Amino acid sequence: MQIEFRKDSLASLSCAVLAVLHFEGGEIGAPLPEETRKLLEELRAAGELRGKENECTLLHHPAGLPVARLLVVGAGKADGFSDVRLRRLSGTAIRTVRARGLRELAWPVVELNVGSAGKAQGPEALQAVVEGAILGDYDSDPYRTSTEPDRRMERLLLVTPGREASEAERAAAHRGQVMAEAQNFVRDLVNEPSNILTPAELGRRAEQMAKQFGLACQVLGLEEIRALKMGAFLAVAQGSDQPPRLIVVRYNPPDAPSAPVLGLIGKGITFDTGGISIKPATDMHEMKTDMAGAATMLGVMRAIAQLKPRVRVLAVIAAAENMPSGKAYRPGDVITSMSGKTIEVLNTDAEGRLTLADAITYAKQQGATVLIDAATLTGAVMIALGNITTGVFGWDKDWVNRVLASGAAVGEKMWQLPVDEEYRELYKSMIADLANTGGRYGGAITAAMFVGEFAGETPWVHLDIAGTRWSNDEKPYLAKGPTGAPMRTLVQLVTQLAP
Ligand code: BES
Ligand code: MN
Ligand code: ZN
């Protein structure tokens with residue numbers, strides 16, 4: 001989607017569709033000519049326009065405007081309006097317009113002098129509009145042959161009536177575009193079926209992305225992974241005919257301070273059958289998304305390569321497929337991780353923490369001074385927080401708080417769950433240093449803490465995205481399917497770290 005600025009007044013703008021916000025109290029979010037206002041008031045009086053959030057009404061040849069169509073976007077109550085709601089509304093507008101075969105939408109960039117709507121203002125609000133539009137312009141059915149091949153929008157016109165857009169506004173629109181395009185890149189990867197997105201293919205996609213945006217990328221194969229003695233990662237990978245890959249992407253701006261070096265570790269299981277501790281058939285197909293953490297980290301790298309914050313970042317992904325076979329690892333096996341810690345495998349379906357263990361050790365060895373992992377790690381976190389909220393874990397209060405603050409700033413819901421010494425008992429092994437499961441109770445916590453054992457003294461935050469990687473409902477502003485969460489949070493965090 002092209003993002004362009006226009007300085008025409010609304011009374012002279014020509015465009016396929018002009019969107020205006022309409023709040024429940026009747027407030028209109030744009031300087032419309034008197035005639036057009038009257039029209040909207042009539043419709044309101046007749047009960048046709050109510051201003052309910054996401055309720056859209058398309059008017060043709062609206063009185064007083066040269067545009068062919070006016071899209072009245074219900075914006076809800078003016079009170080409590082926010083960037084988060086604005087992001088959704090622009091998504092709703094785009095999806096409504098697209099569904100009618102239209103390819104161009106104009107959005108007024110004006111002050112909203114209504115209730116507390118005044119808070120959703122300025123460059124951040126503009127960024128949210130652009131993000132919402134690009135995220136709304138996404139489909140999750142790339143392999144359907146019967147749909148119109150070109151459903152995507154051509155243009156979003158950001159209209160600053162009677163004035164040039166400021167530098168700050170242009171920069172905000174650019175940030176929004178970079179952010180949302182990276183998030184759609186994450187969604188595309190998560191959506192790919194596992195016969196196509198194998199560990200090797202994930203490595204190729206990472207290389208392509210890195211090349212396109214000027215990042216350094218290394219993809220290590222089986223022999224190199226063996227040489228690194230990544231016994232935990234290799235155990236998970238050994239059951240599959242698909243060889244594993246260790247994917248490393250680096251962003252090292254020359255003007256960045258030497259510390260911190262942020263290590264981003266993404267769980268990259270391209271399919272999780274559970275292995276010998278095999279999963280039930282119901283919903284097993286969803287396990288193609290078990291590389292959502294990896295996709296998230298690649299998306300973060302893609303975005304920061306363009307936004308260029310002065311921070312060093314290293315992404316590490318241990319990509320493998322978890323399969324049962326004659327070569328597969330078994331319950332009861334004892335494996336030696338790259339760190340030297342030994343692990344008794346009690347359940348081969350608790351594979352994510354094993355791959356993360358070695359990826360974290362590698363990231364530390366490569367100089368990471370702060371670690372964040374994102375992983376579709378447990379069903380338990382879905383029981384606790386559903387599909388709405390990402391679980392946040394970590395010992396370091398400061399880093400946990402930074403992540404929570406970044407989530408709040410970009411509108412991705414996060415909630416901290418505890419880590420506590422007392423849970424350690426639950427994943428002790430009779431025979432080795434650690435066991436790879438801690439039982440059913442507190443499953444998201446013991447999984448997180450297991451991963452944290454490998455971070456050691458290095459500040460570390462774990463994001464369990466098993467719930468938030470995917471949305472089961474079609475929203476007016478967002479297609480059902482992969483969400484791309486929590487990529488925006490991490491990009492926000494990185495940009496906040498820059499001096
Ligand atoms: N990838 C799954 C977790 C998952 C479940 C992600 C549902 C998305 C949706 C993970 O590898 C797993 O199987 N975890 C087990 C751990 C258990 C065996 C200790 C789980 O949560 O059941
Ligand atoms: Mn599993
Ligand atoms: Zn898994």
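Give the peptides 63-74, 311-322, 32-43, 166-177 in descending order of average Cβ contacts within 10 Å, highest first.
Working: 63-74: 20.0, 311-322: 27.8, 32-43: 15.8, 166-177: 17.8.
Highest-to-lowest ranking by the protection proxy: 311-322, 63-74, 166-177, 32-43.
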Inset, instruction - Any chance you could count the Lys pairs in the range 180-497 whose alpha carbons are under 19 Å apart, treating pairs 8 or more apart or on different chains as valid? - result: 16
Inset, instruction - With just the Cα atoms of the range 180-497, tell me how far they stretch along each of the three principal axes, in Å, largest first. - result: 48, 44, 41
Legend entry - Relative packing of 260-271, 425-436, 376-387, which averages over residues the other C-beta atoms within 10 Å, highest first: 260-271, 376-387, 425-436
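Order of Ser277, Ser240, Ser82 from fewest to most other C-beta atoms within 10 Å?
By the 10 Å Cβ count, ascending: Ser82, Ser277, Ser240.
Would you order Cys217, Cys15 from fewest to most other beta-carbon atoms within 10 Å of each residue's own beta-carbon?
Fewest to most other Cβ atoms nearby, the residues stand as Cys217, Cys15.
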Legend entry - Cα extents of the range 1-142 along the three principal axes, largest first (Å): 42, 32, 29
Inset, instruction - Starting from the exponent 0.38 and prefactor 2.2 Å, build the expected Rg for the range 210-250 from its residue count and divide its actual Cα Rg by it. - result: 1.33
Inset, instruction - Quick one: angle between helix 443-455 and the longest Cα principal axis of the chain, in degrees between 0 and 90, rounded to 10, please. - result: 70
Legend entry - Rg [Å, one decimal], Dmax [Å, integer] - the range 245-320, C-alpha atoms: 15.8, 51
Inset, instruction - Could you work out how far apart the two model spin labels at Glu148 and Arg37 are, taking each label as a point 7 Å from the Cα in the direction of the beta carbon, and quote it in nm? - result: 3.5
Legend entry - the chain: angle of helix 292-307 to the longest principal axis, Cα-based, in degrees nearest 10: 60
Inset, instruction - Provide, in order from the shortest bin, the percent of all Cα-Cα pairs of the range 347-499 in each 10 Å bin, continuing until the bin that contains the maximum pair distance. - result: 11, 40, 35, 12, 2, 0
Inset, instruction - May I ask for the angle, rounded to the nearest 10°, between helix 34-45 and the longest principal axis of the chain, with both axes built from Cα atoms and the value confined to 0 to 90°? - result: 70
Inset, instruction - Over all alpha-carbon pairs of the range 117-191, lay out the pair-distance distribution in 5 Å bins, whole %, shortest bin first. - result: 3, 15, 21, 21, 16, 10, 7, 5, 2
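Taken together, the values in this text are just the output of simple stated rules run on the coordinates, not laboratory data. Note that this is a predicted model, so its numbers are computed, not measured. As a convention, Cβ positions derive from the backbone with ideal geometry for all residues, glycine included, and neighbour counts pool all protein chains shown.
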